[in-house]
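S.K.: Input: one structure, supplied below.
The values are calculated or read from the model by the stated rules, or taken from the named source; none is laboratory data. Keep in mind that this is a model prediction, so the values were computed, not measured. Cβ atoms come from the backbone with ideal geometry, glycine included; neighbour counts cover every protein chain shown.
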Amino acid sequence: MGLLIGDYILHGGTAMDLEFIQFHPTAYISSDGNVVLITEAVRGRGARIIDEKGHRFVNELAPRDVLSIEIYKRIRNGEKVYLDLRGLNDLDRKFPHLYKALLQVGINPFKDVIPISPAAHYSIGGIAVDIYYRTEIRNLYAIG
């Protein structure tokens, strides 16, 4: 996506709002850099965000930006933050892809808490268009 926008700009087009990035608050990042985004649906089913002492410090159902900021503040201060899925006894059935992804990185979500941090999720900005999705380059439309 970034290369496409870069090429567009090099050909005379205008981009907008590139500084806006959506962060996903609950990502597990393995030591080799693999990222597992953990769906907010698990928080809706009772997963808890906890600190190193096992205490909740934020409403898990708060908006993504609020959660990301609160988690980031803790991490910036040298603390660890975890997602606790141990109370979700049906995790393997309700979220089989997440369950398998966690097992593949060595985490048993029925026994282990998961170290988490916010991760960049979406670029909100992009190619500037008019109300008909026309760009500044003739016959080029941009949607999405």
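S.K.: Among residues belonging to region 85-139 that are of a type in the set (Asp, Glu) and assigned by TED's automatic domain parsing to the domain that holds residue 3, point out the one that is nearest to residue 55 (Cα to Cα). Quick ask: steps written out before the conclusion?
M.R.: Narrowing region 85-139 to residues of a type in the set (Asp, Glu): 90, 92, 112, 130, 136.
Filter once more, keeping what is assigned by TED's automatic domain parsing to the domain that holds residue 3: 130, 136.
Values: 130: 49, 136: 52 Å.
Of everything passing the filter in region 85-139, 130 is nearest to residue 55 (Cα to Cα).
S.K.: Among residues belonging to region 11-58 that are within 18 Å of residue 129 (Cβ to Cβ) and not charged (D, E, K, R), point out the one that is surrounded by the fewest Cβ atoms within 10 Å (Cβ to Cβ).
M.R.: The qualifying residue surrounded by the fewest Cβ atoms within 10 Å (Cβ to Cβ) is 12.
S.K.: Continuing with this model, one more query. Give region 118-144 a look and list any residue that's in contact with a Gly (Cβ under 9 Å, 6 or more places away or on another chain), farther than 30 Å from residue 81 by Cβ and surrounded by 12 or more Cβ atoms within 10 Å (Cβ to Cβ), or say none. Give the derivation first.
M.R.: First, the residues of region 118-144 that are in contact with a Gly (Cβ under 9 Å, 6 or more places away or on another chain): 123, 126-128, 135-137, 140, 142, 144.
If we keep only those that are farther than 30 Å from residue 81 by Cβ too, we end up with 126-128, 135-137, 140, 142, 144.
Answer for region 118-144, where residues must be in contact with a Gly (Cβ under 9 Å, 6 or more places away or on another chain), farther than 30 Å from residue 81 by Cβ and surrounded by 12 or more Cβ atoms within 10 Å (Cβ to Cβ): 126, 127, 128, 135, 136, 137, 140, 142.
S.K.: Filter region 1-24 for residues that are in a strand (DSSP E or B) and more than 18 Å from the chain's Cα centre (by Cα) and give the result. First the steps, then the outcome.
M.R.: Start the filter on region 1-24 by keeping residues that are in a strand (DSSP E or B), which leaves 15-16, 21-24.
Those that are in a strand (DSSP E or B) and more than 18 Å from the chain's Cα centre (by Cα): 15, 16.
S.K.: Residue 76 passes all but one of (1) over 24 Å from residue 106 (Cα atoms); (2) touching a residue at least 40 places away in the same chain (Cβ under 8 Å); which number fails?
M.R.: Going through the list (1) over 24 Å from residue 106 (Cα atoms); (2) touching a residue at least 40 places away in the same chain (Cβ under 8 Å), residue 76 breaks only (2).
Residue-by-condition table, conditions (1) in contact with a Ser or Thr (Cβ under 7 Å, 6 or more places away or on another chain); (2) β-branched (Val, Ile, Thr); (3) at positive phi:
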position	(1), (2), (3)
6	no, no, no
27	yes, no, no
42	no, yes, no
48	no, no, no
51	no, no, no
80	no, no, no
89	no, no, no
94	no, no, no
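Conditions tested, residue by residue: (1) in the same structural domain as residue 95 (by TED's automatic domain parsing); (2) touching a strand residue (DSSP E or B) at 6+ places or on another chain (Cβ under 9 Å); (3) under 27 Å from residue 112 (Cβ atoms); (4) at pLDDT 95 or above.
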{"residue": "11", "(1), (2), (3), (4)": "no, no, no, no"}
{"residue": "25", "(1), (2), (3), (4)": "yes, yes, yes, yes"}
{"residue": "29", "(1), (2), (3), (4)": "yes, yes, yes, no"}
{"residue": "54", "(1), (2), (3), (4)": "yes, yes, yes, yes"}
{"residue": "69", "(1), (2), (3), (4)": "yes, yes, yes, yes"}
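S.K.: With respect to residue 5, is the statement that it is among the hydrophobic types (A, V, I, L, M, F, W, C), in the same structural domain as residue 133 (by TED's automatic domain parsing) and out of contact with any Pro (no Cβ under 9 Å at 6 or more places or on another chain) true? Give the derivation first.
M.R.: Working: among the hydrophobic types (A, V, I, L, M, F, W, C): yes; in the same structural domain as residue 133 (by TED's automatic domain parsing): yes; out of contact with any Pro (no Cβ under 9 Å at 6 or more places or on another chain): yes.
Taking the combined requirement at face value, the residue satisfies it.
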